[in-house]
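Reviewing the structure listed below.
The values are calculated or read from the model by the stated rules, or taken from the named source; none is laboratory data. Computed from a predicted model, the values in this text were never measured in an experiment. Here the Cβ positions follow ideal geometry from the backbone for every residue, glycine too, while neighbour counts run over all protein chains shown.
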């Protein structure tokens, strides 16, 4: 190892320990990198080289993985790493001014580490605390909710006096569940083991039949029939089958899974165990998004209790040969890992790039094993179906969209939080219940979903009308919908995995156009180009991220066109650069600054 | 996913732009089309490697649904549209995206005339960048005695990553970063090619479809008129030599004979005529 690049003194020992803890398994690389960073604060190159050597990989391969994840750092980021949640709902609550204030108080520029190496302040994608924002993430571990000027001022003082985060006021770390309307999922809590006992009494085939009878569709957004997915996996040949719970709740504006995991973890794990019963899996994973690191210990404690009470482990509930256990894998800041094949790549210790499909995970998933990947809420529904039967579930909601759906309501309303309704509920009803007034628009399903304007509030939540993965962001008439769309454009560009041309370059080009419009330099031509990019990305991308990246753009241009046209400088072409500024070098060289050395603003 | 099975001994057919073509079981659309001597524009696909699906240039409509031809399996009766105004316009836009993302100055690039990106852009009638250039700042790596790396031209096809890992067994290259910051990186403690065991005879050294991986001291050795795409276009290549298609000549032309018997490096290619499409230069 080179002396010049010598890392933190204990980095070497730390890397060795991490390697040993994971049995030098290259599939655990993302976990190793997270753990190494948790100790070191960042990932020194020599330590990466040590991991590479221990895992039989090249340094470039390890660096390639580490640099993929937004929460892993190849350069020092300070003793304190402060990340402001940058969802539009945080912005509505004033996050930008608070971040500017913190930066000013600490004397650091956004995204830069101060000269003393003490602190860096930056933005991150939505932290899933939209109903109690503005929020921030500190050292990729704790979250702070309900930020205001006084918390920011105190925080700056605590950081400057180097007070450890664990000694900060505990009220700052309070995360509330805010369940506003409960139905069959958020109502009565599960008595651990009862749903599983019901499933065991039915047996795997009959349990699968109940799931199919229920017409349950995946709650992650795509709405694939859960019974069909499980049957495909069950029938797929393989030495081993795998159950994965997708808890990478990254869609901005969605936070229902956070509450389900915090308050109903038994229901989630029980649903997964029923999945194992049906598919014959012996191993399960929860892919928990890095932003939810703070609930890891509580989840581990629930798993431990379930093992102790024979709800996990060997011979579950005394049924000989029914073995299943669950491990939690922490993500590291990558929205695309919510896509199931990208999630599996990440689980295997690689960059979270979506796979070529088919084959689908149900046939060829984790390490090639048949794998079911389901949303947190889907597993919660499964345990209810085990208890009450498929016909009961199918009797709730609409014919094509059975059961209930949990909505994460945030934005301009009096009572943000979780609202559970049967499918088929009117948008307007949800707006009334949450105390939304003078509503201009609702973004249903997050940025990749649909933006509805007032004339559409009679539409209903259902796969056959307005499908949703759970986000419900409300905007009143004071909001600029162009700025909302611009925020989403930045989100997609930030989260693109970079694999395919149209998404990698297209999302960056969209940002350039939107920023140009925001700077007041736009013309009709720019809107035409945005339409062109939208059309291309809808058909040509490798996965759904790119395909849906222009959805907010398309909806807002169509429905709120005046919001865009307010930003147009002219109806004709406008260059993306400032002609007069381009002359500044010539002015400096000639020593001129008279009127003739300036580009006269021509009348548009 | 898979089409109806056919009685044994009967050929299976699909249609490409209205023409019936045979295919082998397991073929992707791009494989079957190439075997039949039909050109579907592509950059990241190579017949010797598993499909990758990143450039999206080969996007077609298969039974009306857009899909990458390199990753879509052919099924009996599948109707594929490829050479349509709409799809070619989309390809041109994707090519323009690749051009503005990197720094592609064809007139001064020694890969000019051998470059699949340039040839495909000609093929799709691309006349300008359309979008504003990103002008990324990517230093070149000249640390290796025999090979120069100019990352400015990388289109992230990962052919070098795959060749180095799967054929050479060296894993010299990897992909790092994300989004528009995605980039090709080199292994070894310093991250420079000179510190790796890469050799000019490696498969990875000759696989780059654009001008990133270049052998030193051979720049502009082939005169204009004798370069890979001077004589015939990217489409002509596939039509004239369907069975081996692009595989043979991805390697930089002036490479010393390696006994691969690659038809493209065989003598006898016209050196006199400079066709119209080679006269047009990409604007810097």
Given (1) modelled with pLDDT of 95 or more; (2) more than 14 Å from chain B (Cβ to nearest Cβ); (3) in a loop (DSSP other than H, G, I, E, B); (4) surrounded by fewer than 20 Cβ atoms within 10 Å (Cβ to Cβ), residue A:74 misses just (2)
So, in region A:536-559, exactly how many residues are closer than 21 Å to residue A:515 by Cβ and within 12 Å of another protein chain (Cβ to nearest Cβ)? 5
Test residue A:466 against the criterion of being over 25 Å from residue B:181 (Cα atoms), crowded, with 22+ Cβ neighbours inside 10 Å and in contact with a strand residue (DSSP E or B) (Cβ under 6 Å, 6 or more places away or on another chain), and give yes or no. no
Going through A:121, A:143 one at a time, which residue ends up being in contact (Cβ under 8 Å) with a residue 12 or more places away in the chain, surrounded by 20 or more Cβ atoms within 10 Å (Cβ to Cβ) and farther than 27 Å from residue A:417 by Cα? A:121
Within region A:508-548, of all residues that are outside any helix (DSSP H, G or I) and in contact (Cβ under 8 Å) with a residue 12 or more places away in the chain, the one surrounded by the fewest Cβ atoms within 10 Å (Cβ to Cβ) is A:520
Taking into account only those residues within region A:506-520 that are in contact with a strand residue (DSSP E or B) (Cβ under 8 Å, 6 or more places away or on another chain) and within 11 Å of chain B (Cβ to nearest Cβ), which is farthest from residue B:133 (Cα to Cα)? A:516
Residue pairs within 6 Å by beta carbon, gap of at least six or interchain, first lying in region A:550-576 and under 28 Å from residue A:496 (Cα atoms), second assigned to a loop (DSSP other than H, G, I, E, B) and modelled with pLDDT of 90 or more, listed first then second, are A:551/A:448; A:552/A:447; A:563/A:480; A:576/B:132
Please verify whether region A:480-489 includes one or more residues that are touching a residue at least 12 places away in the same chain (Cβ under 8 Å), within 11 Å of chain B (Cβ to nearest Cβ) and within 20 Å of residue B:93 (Cβ to Cβ). no
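Here is a yes/no grid of residues against (1) closer than 30 Å to residue A:416 by Cα; (2) at pLDDT below 95; (3) outside the structural domain of residue A:386 (by TED's automatic domain parsing); (4) in a loop (DSSP other than H, G, I, E, B):
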site: A:253; (1), (2), (3), (4): yes, no, no, yes
site: A:268; (1), (2), (3), (4): yes, no, no, no
site: A:276; (1), (2), (3), (4): no, no, no, no
site: A:298; (1), (2), (3), (4): yes, no, no, no
site: A:306; (1), (2), (3), (4): no, no, no, no
For residue A:432, indicate whether it is surrounded by fewer than 24 Cβ atoms within 10 Å (Cβ to Cβ) and either over 23 Å from residue A:560 (Cα atoms) or in contact with a helix residue (DSSP H, G or I) (Cβ under 7 Å, 6 or more places away or on another chain) (or both). no
In this structure, does residue B:162 turn out to be away from every other protein chain (no Cβ under 11 Å), under 18 Å from residue A:63 (Cα atoms) and modelled with pLDDT of 95 or more? yes
Look at residue A:349 and say whether it is in contact with a helix residue (DSSP H, G or I) (Cβ under 6 Å, 6 or more places away or on another chain), more than 23 Å from residue B:56 (Cα to Cα) and within 14 Å of chain B (Cβ to nearest Cβ). yes
In the list B:49, B:99, B:151, which residue meets the criterion of being within 17 Å of the chain's Cα centre (by Cα), crowded, with 20+ Cβ neighbours inside 10 Å and within 14 Å of chain A (Cβ to nearest Cβ)? B:99
Scan (1) away from every other protein chain (no Cβ under 14 Å); (2) at pLDDT below 95 for the single condition residue A:374 breaks and write down its number. (2)
Residue list for region B:104-135, restricted to those being more than 21 Å from residue B:227 (Cβ to Cβ) and away from chain A (no Cβ under 13 Å): B:128
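Residues checked against (1) without any contact (Cβ under 8 Å) to a residue 12 or more places away in the chain; (2) within 13 Å of chain B (Cβ to nearest Cβ); (3) touching a strand residue (DSSP E or B) at 6+ places or on another chain (Cβ under 9 Å):
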{"residue": "A:24", "(1), (2), (3)": "no, no, no"}
{"residue": "A:30", "(1), (2), (3)": "no, no, yes"}
{"residue": "A:44", "(1), (2), (3)": "no, yes, no"}
{"residue": "A:48", "(1), (2), (3)": "no, yes, no"}
{"residue": "A:69", "(1), (2), (3)": "no, yes, no"}
{"residue": "A:97", "(1), (2), (3)": "yes, no, no"}
{"residue": "A:100", "(1), (2), (3)": "yes, no, no"}
{"residue": "A:104", "(1), (2), (3)": "yes, no, no"}
{"residue": "A:108", "(1), (2), (3)": "no, no, yes"}
Which number in (1) part of a helix (DSSP H, G or I); (2) in contact with a helix residue (DSSP H, G or I) (Cβ under 9 Å, 6 or more places away or on another chain); (3) surrounded by fewer than 20 Cβ atoms within 10 Å (Cβ to Cβ) marks the one condition that residue B:163 misses? (3)
Restricted to region B:68-88 and to residues being at the interface with another protein chain (Cβ under 9 Å from one of its Cβ atoms) and surrounded by fewer than 24 Cβ atoms within 10 Å (Cβ to Cβ), the residue nearest to residue A:500 (Cα to Cα) is B:71
Criterion first (closer than 23 Å to residue A:257 by Cβ, buried (at least 24 other Cβ atoms within 10 Å of the Cβ) and in contact with a strand residue (DSSP E or B) (Cβ under 9 Å, 6 or more places away or on another chain)) does residue A:396 satisfy it? no
